[in-house]
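Below is one structure, written out as structure tokens; comments come after it.
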Amino acid sequence: MTIERARAWHLFTLLVCAASLVLQFYLSAANKNTQVSPFTVGTRIGNFFCYFTIQSNLIVLAAAVALVLVPDRDGAFWRVALLDALLCITVTCLVDVIVLRPQVHLGGWSNVADIGLHILTPILMVAGWLLFGPRPRLAWVTLGWATVYPLAWVAFTLIRGHVVNWYPYPFIDVTTHGYARVTLNVAMVAVLFLVLGAAFVWLDRRLPRAPVQP
């Protein structure tokens, strides 16, 4: 796939991701989600940026901007960022579809934003990498460094949750489930993260080099 086609795909991913983030930010700040929040506007905005979903989409947004500018981008930091974008948005999608979505009943614009953040952006990001790369970029050491961000998110979420008595997701709510159950839940997601990471590294070594000059 050529550089220009890669750039067009990444631009489309950027626009879908950005639109979904802006819509969800508005719904959260204005308290117009399907599930109304009891918090003040400042707290709602603070909580908004604590969701793994939001942070994963922000990573994808940054990666998409970088790839629009330089579709065959490379570099040590970039490789970790690329793998984090792929992994975090894929885990976001799978956890939402398997665990979270069956527990909630979204409607209206809340459902539109949710589909954009949890379904469309993940599909576009992963499909874009499969079609356009950039590849080869990933190695096993890249996977090691890519675990730093999700581990930091878990630590931050547990510490902040203890302080403010609020957790972004039910499966990580220590108040409800206790530390033993939450630790087990996090461990299961960690296994999923590592399995997906190994799959991306394996594919990176076997799929054709991309993108290519016309």
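Descriptive notes on the structure:
- Checking Leu106 against (1) hydrophobic (A, V, I, L, M, F, W, C); (2) at pLDDT below 95; (3) open to solvent by 70 Å² or more (accessible area, probe 1.4 Å), the condition it does not meet: (3)
- Leading residue by the ranking (farthest from Arg135 (Cα to Cα)) among those in the range 163-210 that are touching a helix residue (DSSP H, G or I) at 6+ places or on another chain (Cβ under 8 Å) and not in a helix (DSSP H, G or I): Asn165
Conditions (1) surrounded by 17 or more Cβ atoms within 10 Å (Cβ to Cβ); (2) modelled with pLDDT of 95 or more; (3) among the hydroxyl-bearing types (Ser, Thr, Tyr); (4) more than 19 Å from Cys17 (Cβ to Cβ), marked per residue:
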{"site": "Asn111", "(1), (2), (3), (4)": "no, no, no, no"}
{"site": "Gly128", "(1), (2), (3), (4)": "yes, yes, no, no"}
{"site": "Val141", "(1), (2), (3), (4)": "no, yes, no, yes"}
{"site": "Val163", "(1), (2), (3), (4)": "no, yes, no, yes"}
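- Of all the criteria given as (1) surrounded by fewer than 17 Cβ atoms within 10 Å (Cβ to Cβ); (2) outside any helix (DSSP H, G or I), the one not satisfied by Cys50 is (1).
- Residue in the range 86-101 that is open to solvent by 30 Å² or more (accessible area, probe 1.4 Å), over 13 Å from His10 (Cα atoms) and touching a Phe, Trp or Tyr at 6+ places or on another chain (Cβ under 7 Å) present: yes
- Hits in the range 56-115 - residues which are among the hydrophobic types (A, V, I, L, M, F, W, C), assigned to a loop (DSSP other than H, G, I, E, B) and in contact (Cβ under 8 Å) with a residue 60 or more places away in the chain: Val104, Leu106
- From Gly42, Gly75, residue being open to solvent by less than 60 Å² (accessible area, probe 1.4 Å) and more than 29 Å from Trp129 (Cβ to Cβ): Gly42
The values are calculated or read from the model by the stated rules, or taken from the named source; none is laboratory data. This is a predicted model, so every value here is computed, not measured. As a convention, Cβ positions derive from the backbone with ideal geometry for all residues, glycine included, and neighbour counts pool all protein chains shown. Ligands, DNA and RNA are stripped out before the accessible areas are found, and what is left, the full protein with its side chains, is counted by its heavy atoms. Shrake-Rupley method; radii C 1.70, N 1.55, O 1.52, S 1.80 Å.
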